[in-house]
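Chemist: Here it is, the structure, as structure tokens.
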Amino acid sequence: MTLIYSLIEQNTAAQKVLLSPDVLFCISNYIDRQDDTFNCLFVNTVWTMVLVRQLWKSPIWKTAESYQKFLRTLRSRKPKFLYGNMVQRIIFKSHRCFESLPEFSSVDLKLISRKCPNIKHITISNQRQPFTVSNVTAMLSSTPNLISFTVSNCDNEWLHGALRPMREGLCPKLQHLEINDWNRNWGFDVLKDVGEKCRNITSLKLYQRVNKLEIARMIVKSFPNLQIFECKHINFAGLQGLLTGALKLKSLTSQFENDITDDAAETLSFAFAKLESLRIRIIHDIDYPKFSSSMSNYQSFLRHLHLATVHITDITVEKFAENCKFLESIEIYMCFHLTDNAIIALANHRNIHLKHLMIAYNARITDEGMKHIAINCKNLKTFIAMSCTKMTSSSFVNITRECKNLVEFTVRNYPWQTLASIVHTLSTRNKGTLKVFKAYDTGIRTNDNSFNLKLNAAALEKLAIRCPQIKSMVLRCRMQESDGSCLIRTLKKFQNLEELMICPPVKFTKSDIKQLEKHKRLKDITIIHGLTPEAESFLKERKNENKGGIYITVINNNNNQ
């Protein structure tokens, strides 16, 4: 950014070249933060005209005030730019899951529909006011460039009415349709109509059950270019109909029902398209050794595998690791019977090609298996471990010591002593590539202070120096730090930090909050049980006055402000 600011005062011919639009497009590829883009607006008028479009592509309303500012700008009679024409993505949902929605109105939707003709992506969280059938229909009718549409919590009547523009061919460019209906109380006829008019759809995600051959055949016939398909449940008939028709399928996500046995699944293994991603959930008491052995032989291009299958055994993972030569990402969730043998096979067969590993809720995988991952998978970029009771600090220290190019490291439900070991190892071994660090302890407060490594401000300062690229950090764990001001000063040394969740060891004061707000990058903070009464009052007053600044959420006894 120093170069960009210095350009403003430069007058030589060589330096003026850097201000041309052509060069700007090259430079902008290296600007990945919104605030940096905003600062570049002031270099010269040409840069302003180009970069303001990027800032307005996808507005985010973290507060009611920010939403009202957005509306006021759209209503402006003499704006400097046609801001509405720049908007491409609109998300009508709360910024965080535990917060209420901004107060949208029918008038707002009409204004957005009129002023923002180039919207390509729309997300709606529910069908309540003002997202009635008539309002959503009007909005979709005015978005001929729509590429993706996502809706949650809707019923059959709403879908039939609201999606009428799609059913009439008014959204010909639509590529992604996602219907997250928790009640699953709508018919598939609306899908048939949409698919027949929107032939470019390649991605379809449904919270529905595909349990009939006719339904599956209707889907593949109506969506001939389908590449990504997700549904809540699928039985053998549905899977059979889907696989025999979706020849372009690259990604499949679903939960197998009881009639998809190992033998039944094996008969379909050859029918699968050449997938790049396979996500399977299975809760019934069935293992799949035959299916995995046969299936893996046909899936030479598989890159991502997610298994949330309670009763599978080691052979399933072993076969996929052995035969899928491009496999680089695997997630193992609630696979209670997997042992070190599966992990060792994964380490041996995928070795340096493995980039992403997630293991959650397993009590049989031990430090021995993780040692092989650390030794063989040195190019690992992402590691996530949750509630694996046989893994000790040795597993995580080995991973952080040997995998020096980690970009994300997340551990959940481990003692604070283990988390301290992780922080200290990252602080000495990581090559500065880490961008996401999330640490959650078990929540059990012990008085054991005999551990020689502490998770305190000094340890975090070393992490900040070693890993300056950290953007997102969660410290929901016990820390051995008694000086709140010292901790605040340390947090400010994470120069690129944008999101922070923390459970402070001492309550932050009003002064601490003001110091934290001076961080140049920090945008979102969640503070759990960690404010003095004065600090809480300060944040409430600022919220009531609609003052700007960092977006701070306080959680106390399941209440937030």
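Chemist: Based only on other Cβ atoms within 10 Å, what is the fewest-to-most ordering of Ile60, Ile215, Ile260?
Modeler: Ile60, Ile215, Ile260
Chemist: Next up: Calculated from DSSP H runs of 4 or more alone, at -39500 (n - 2.57) each and per residue, what is the 222 nm mean residue ellipticity of the chain, nearest 500?
Modeler: -11000 deg cm²/dmol, from helical runs alone.
Chemist: Past 19 Å, Cα to Cα: identify those pairs from Lys69/Lys543; Lys325/Lys378; Lys431/Lys462; Lys57/Lys471; Lys471/Lys507; Lys381/Lys438, in the order given.
Modeler: Lys57/Lys471; Lys471/Lys507
Chemist: Would you order Thr202, Thr389 from fewest to most other beta-carbon atoms within 10 Å of each residue's own beta-carbon?
Modeler: In order of increasing Cβ crowding within 10 Å: Thr389, Thr202.
Chemist: Another question about this same structure. For the pair Thr428 and Gln34, how long in nm is the line joining their label points, each one 7 Å along Cα→Cβ?
Modeler: 4.0
Chemist: Remind me, relative contact order of the chain in percent, using alpha carbon pairs under 8 angstrom and six or more residues apart?
Modeler: On the way: 1173 pairs, mean separation 27.5, N = 561.
Relative contact order for the chain comes out at 5 percent.
Chemist: Quickly work out the Cys26-to-Ser94 label distance, labels modelled 7 Å from Cα along the C-beta direction, and quote it in nm with one decimal.
Modeler: Output for this residue pair reads 4.7 nm.
Chemist: Excluding Glu408 itself, calculate the net charge of residues whose Cβ lies under 9 Å from the Cβ of Glu408, where each Lys or Arg counts +1 and each Asp or Glu counts -1.
Modeler: Net charge in that neighbourhood comes out at +3.
Chemist: What FRET efficiency would be calculated for the residue pair Asn452, Ser537, taking the C-beta separation as r and a Förster radius of 56 Å, to the nearest 0.05?
Modeler: Once rounded, the FRET efficiency stands at 0.90.
Chemist: Given just the C-alpha atoms of the stretch 408-507, how large is their convex hull per residue in cubic angstrom? Provide the component values of the computation, followed by the final result.
Modeler: Values: hull volume 8.6 nm³, N = 100.
Dividing the Cα hull volume of the stretch 408-507 by its residue count gives 86 Å³.
Chemist: Averaging sequence separations of C-alpha pairs under 8 Å and six or more residues apart, then dividing by the length of the stretch 386-545, give the relative contact order as a whole percent.
Modeler: 18
Chemist: Nearest 5 is fine: what % of DSSP beta bridges in the chain come out antiparallel, could you say? Can you show the working numbers first?
Modeler: Numbers: 2 of 84 bridges.
Antiparallel bridges make up about 0 percent of those DSSP assigns within the chain.
Chemist: Related question: Hey, what's the Kirkwood Rh for the chain if you take every pair of different alpha carbons, in angstrom?
Modeler: Hydrodynamic radius (Kirkwood, Cα only) of the chain equals 26.6 Å.
Chemist: So, one more: Could you give the dipole magnitude of the chain about its Cα centre, charging the beta-carbon of Lys and Arg +1 and that of Asp and Glu -1, in debye to the nearest 20?
Modeler: Its charge dipole is roughly 1960 debye.
Chemist: To continue, here is another question. At 7 Å along the Cα-to-beta-carbon direction for both Lys69 and Lys274, put a label point, then send me their distance in nm to one decimal.
Modeler: If labels sit at Lys69 and Lys274, their model points lie 4.9 nm apart.
Chemist: Where in the stretch 61-76 is the amide nitrogen less than 17 Å from a point lying 7 Å along the Cα-to-Cβ axis of Ser105?
Modeler: In the stretch 61-76, the label zone of Ser105 (backbone N under 17 Å from the point 7 Å along Cα→Cβ) covers 64-76.
Chemist: Kindly state, to the nearest 0.05, the FRET efficiency for Leu55 paired with Ile555, given R0 = 35 Å and r defined as their beta-carbon distance.
Modeler: That gives a FRET efficiency of 0.70.
Chemist: How do 233-243, 400-410 rank on mean C-beta neighbours within 10 Å, highest first?
Modeler: Taking the mean over residues of other Cβ atoms within 10 Å, the ranking is 233-243, 400-410.
Chemist: Among Cys171, Cys26, rank each residue by its count of other Cβ atoms within 10 Å, from fewest to most, as a rough exposure measure.
Modeler: Numbers: Cys171 25, Cys26 9.
Exposure proxy ranking, most exposed first: Cys26, Cys171.
Every number in this text was worked out from the coordinates using simple rules, so none of it is lab data. Being a predicted model, the structure only gives us computed values, none of them experimental. Cβ coordinates were reconstructed from backbone atoms using ideal geometry, including for glycine residues, and neighbour counts include every protein chain displayed.
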